[in-house]
Amino acid sequence: MTTQIVRFAGLSEQDRRTTAPLPKLGHGDRVELRVRREGGQNQTFFLPPSALAAVETLLAHLLSGERVAMLTEDQEVSPNDAASVLGISRPLVVHRMDIGDLPFRYVGKHRRAKLKDVLALKLRIDTQRAAMEALADDAEDLNRRHGV
């Protein structure tokens with residue numbers, strides 16, 4: 001039995017056509033969210049300025065036709081989910097857990113890692129890949145220019 005940790009949401013084509021992007025906000029602007037309940041009641045919520053960037057990003061992705069999912073950094077993910085985020089195989093994720101590169105805990109017999117730890121490992125992997133690509137580019141340039 002598998003549980004789905006990530007739930008994706010998207011907009012229909014009609015919703016995308018009828019929804020406008022948020023206008024650029026100025027310093028001191030406030031955003032309020034008005035919810036009309038099924039019974040006709042209205043509720044208004046004020047969003048703090050720190051939440052606006054997340055709302056703008058979310059809406060921009062939805063309007064471009066992408067499906068999105070929101071996760072908290074303390075969300076625990078399985079090795080399969082971590083492999084998807086990292087772009088590596090599940091056995092390699094388990095190996096990274098075993099050698100201490102990715103902290104995890106057991107839930108019964110199953111391993112779970114925090115999303116923030118997976119993202120930190122992804123940043124390290126991406127940084128290493130970029131450094132190796134730059135080194136390979138330098139080696140190719142040396143070979144091309146000097147035959148070394």
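The values are calculated or read from the model by the stated rules, or taken from the named source; none is laboratory data. Everything numeric in this text was worked out from a predicted model, so none of it was measured. Neighbour counts run over all protein chains shown; Cβ positions are idealised from the backbone, glycine included.
Got a sec? Which helices (runs of 4 or more DSSP H) wholly within the stretch 1-108 have at least 2 residues that are within 22 Å of the chain's Cα centre (by Cα) and small (Gly, Ala, Ser)?
Numbers: elements: 13-18, 49-63, 79-86, 90-98.
Of the helices (runs of 4 or more DSSP H) lying wholly inside the stretch 1-108, those with at least 2 residues that are within 22 Å of the chain's Cα centre (by Cα) and small (Gly, Ala, Ser) span 49-63, 79-86.
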Hits in the stretch 12-44 (condition: at pLDDT 85 or above and touching an Asp or Glu at 6+ places or on another chain (Cβ under 9 Å)): THR44
Unique match (being of a type in the set (Lys, Arg), crowded, with 19+ Cβ neighbours inside 10 Å and either at negative phi or in contact with a Cys (Cβ under 9 Å, 6 or more places away or on another chain) (or both)) among ARG105, ARG112, ARG90, ARG96: ARG96
Of all residues in the stretch 31-59 being closer than 27 Å to ASP117 by Cα and in contact (Cβ under 8 Å) with a residue 24 or more places away in the chain, the one that is surrounded by the fewest Cβ atoms within 10 Å (Cβ to Cβ): VAL55
Single condition ALA83 does not satisfy, out of (1) in the same structural domain as ALA113 (by TED's automatic domain parsing); (2) in contact with a strand residue (DSSP E or B) (Cβ under 6 Å, 6 or more places away or on another chain): (2)
Filter result (polar (S, T, N, Q) and either modelled with pLDDT under 90 or touching a Lys or Arg at 6+ places or on another chain (Cβ under 6 Å) (or both)) within the stretch 62-74: THR72
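Is it the case, given these coordinates, that GLY108 is out of contact with any helix residue (DSSP H, G or I) (no Cβ under 6 Å at 6 or more places or on another chain) and without any contact (Cβ under 8 Å) to a residue 12 or more places away in the chain?
The answer is yes for GLY108.
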